[in-house]
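See below for the structure under consideration.
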Amino acid sequence: MTAFIEQYYGKSIRIAPDGFSFFKVNGKKMESVAFSYSDNTLITNEAPLFFNSSDEVSLISARHIPMLIPEEIYDPTRDTEYLSLQFDTSRLGETCSETVGAYRAVYFLTKNEKDTLGRLPFRYKTVAEASLFYRFLCQQEATDAIFVGRNPNFTDIMAVHKDEILMTNRFQLMEPADTLYYIYNIVTQFHLQNPSLYIHYFAEEDKKLTALLKTYKLNPNII
């Protein structure tokens, strides 16, 4: 288990498009378990076996990239309106928002997710996974930095300059060469100067991607 997971995921449930994962510290050991939706396994069945009823758990929303609304124009009464511009909100269960740098990150749980999570025998607090990426980048010393979250079926990416978010996006899993090209486009488009590149593999490391990034002197830090 990496230090990144130990520091930012602690006691949590991560909900992603392809499944969900549990994380917790047991003594000095970090434990985790992952479930694919194709396993036909329910959070309400598995979570009580992994967490204690007295636990307060972070619910990390990785189902989609949140909308980033500049704080200076953000209106909390318009969360549903904001989301409807980008997402299908017909099954909206709960809107969520939190401050991420100069922005308000707006995201949501579906009605089915909200109802299911409400049956868990412990408390949970939602947090957008993008805010964890941002927190990590802000704690690094680099002026320009890029975070890549590599999942089995998709990749998240965030770029910052002096703790200012330049962009964040999600794309379907691509070949290593296409990912390299995408990262180079970000470096070029935003005129990043020797950016620090951080990659977290949520599954097995894509060694071809790691090797390719090293070949092109991007020097990825695997976290």
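Scoring Phe108 on the criteria (1) over 17 Å from the mean Cα position of the chain (by Cα); (2) of a type in the set (Phe, Trp, Tyr); (3) surrounded by 14 or more Cβ atoms within 10 Å (Cβ to Cβ) leaves a single failure, condition (1). Of all the residues in segment 91-113, those that are assigned to a strand (DSSP E or B), under 17 Å from Ile73 (Cβ atoms) and either of a type outside the set (Val, Ile, Thr) or in contact (Cβ under 8 Å) with a residue 40 or more places away in the chain (or both) number 7.
Quick one: how many residues across segment 57-75 are surrounded by 11 or more Cβ atoms within 10 Å (Cβ to Cβ) and farther than 23 Å from Asn169 by Cβ?
Within segment 57-75, residues that are surrounded by 11 or more Cβ atoms within 10 Å (Cβ to Cβ) and farther than 23 Å from Asn169 by Cβ number 2.
Can you find even one residue in segment 193-207 that is at pLDDT 95 or above, among the aromatic types (Phe, Trp, Tyr) and at negative phi? The answer is yes, given that some residue of segment 193-207 is at pLDDT 95 or above, among the aromatic types (Phe, Trp, Tyr) and at negative phi.
Residues in segment 1-13 that are open to solvent by 10 Å² or more (accessible area, probe 1.4 Å) and closer than 15 Å to Phe50 by Cα: Gly10, Lys11. Only residues that are among the hydrophobic types (A, V, I, L, M, F, W, C) and part of a helix (DSSP H, G or I): list them for segment 27-66, please. Answer for segment 27-66, where residues must be among the hydrophobic types (A, V, I, L, M, F, W, C) and part of a helix (DSSP H, G or I): Ile43, Ala47, Leu49, Phe50.
Applying the condition of being free of Cβ contacts under 8 Å to residues at least 60 places away in the same chain and either outside any loop (DSSP other than H, G, I, E, B) or in contact with a Cys (Cβ under 9 Å, 6 or more places away or on another chain) (or both) to segment 132-147 and asking which residue is farthest from Arg14 (Cα to Cα) yields Asp144. Lys125 meets all of the listed conditions (1) surrounded by 14 or more Cβ atoms within 10 Å (Cβ to Cβ); (2) within 18 Å of the chain's Cα centre (by Cα) but one, namely (1). If you check Phe147, Phe171 for being under 23 Å from Tyr103 (Cα atoms), out of contact with any Lys or Arg (no Cβ under 8 Å at 6 or more places or on another chain), open to solvent by less than 60 Å² (accessible area, probe 1.4 Å) and at pLDDT 95 or above, only one passes: Phe147.
The values are calculated or read from the model by the stated rules, or taken from the named source; none is laboratory data. No experiment lies behind these values; they were computed from the predicted model shown. Cβ atoms come from the backbone with ideal geometry, glycine included; neighbour counts cover every protein chain shown. Calculation scope for accessible area: heavy atoms of the full protein, side chains included, ligands and nucleic acids excluded. Shrake-Rupley method; radii C 1.70, N 1.55, O 1.52, S 1.80 Å.
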